[in-house]
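The values are calculated or read from the model by the stated rules, or taken from the named source; none is laboratory data. All values reported here derive from a predicted model rather than from experimental measurement. Note: ideal-geometry Cβ built from the backbone for every residue, glycine included; neighbour counts use all protein chains shown. Protein only, heavy atoms only, side chains kept; ligands, DNA and RNA dropped before computing areas. Shrake-Rupley method; radii C 1.70, N 1.55, O 1.52, S 1.80 Å.
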Amino acid sequence: MKFIAPLSEAEHTTLNEAYHAHPSFRVRQRAQALLLNARGYSMAQISEWLDVQHETVSRWLKHWEAEGRVGLLDAPRSGRPPLLSEAEADQ
């Protein structure tokens, strides 16, 4: 079993706000998983409730411990260049 270090009040507040109000579903889901883990739920329980792989939950916990709240965010990914410039997109 893997558990994160006990959350400080600031970390708990940050995760709670991300869970309830972040625009990205993925960030909300990761924050929920971290909050559940901090309450003592196992990775197996969390993966079953959130319908994700056990390894996924483990990776979320690892990213949180290594990077803090930045670990909740998706890393930049490659893709097709945008068709519009920033100025055109603003228009």
Sole miss for His63 among (1) open to solvent by less than 40 Å² (accessible area, probe 1.4 Å); (2) at pLDDT 90 or above; (3) in a helix (DSSP H, G or I) is condition (1)
For Asn37, all conditions in the list (1) under 21 Å from Leu73 (Cβ atoms); (2) touching a helix residue (DSSP H, G or I) at 6+ places or on another chain (Cβ under 8 Å); (3) open to solvent by 70 Å² or more (accessible area, probe 1.4 Å); (4) not acidic (Asp, Glu) hold save one; what is the number of the exception?
(3)
What's the total number of residues in segment 19-33 that are more than 17 Å from Ala66 (Cβ to Cβ) and either open to solvent by 50 Å² or more (accessible area, probe 1.4 Å) or not in a loop (DSSP other than H, G, I, E, B) (or both)?
10
In the set Glu86, Glu55, which member is more than 15 Å from the chain's Cα centre (by Cα), open to solvent by 30 Å² or more (accessible area, probe 1.4 Å) and acidic (Asp, Glu)?
Glu86
Those residues of segment 66-80 which are part of a loop (DSSP other than H, G, I, E, B), open to solvent by 90 Å² or more (accessible area, probe 1.4 Å) and farther than 17 Å from Tyr19 by Cβ, in sequence order
Pro76, Arg77, Ser78, Arg80
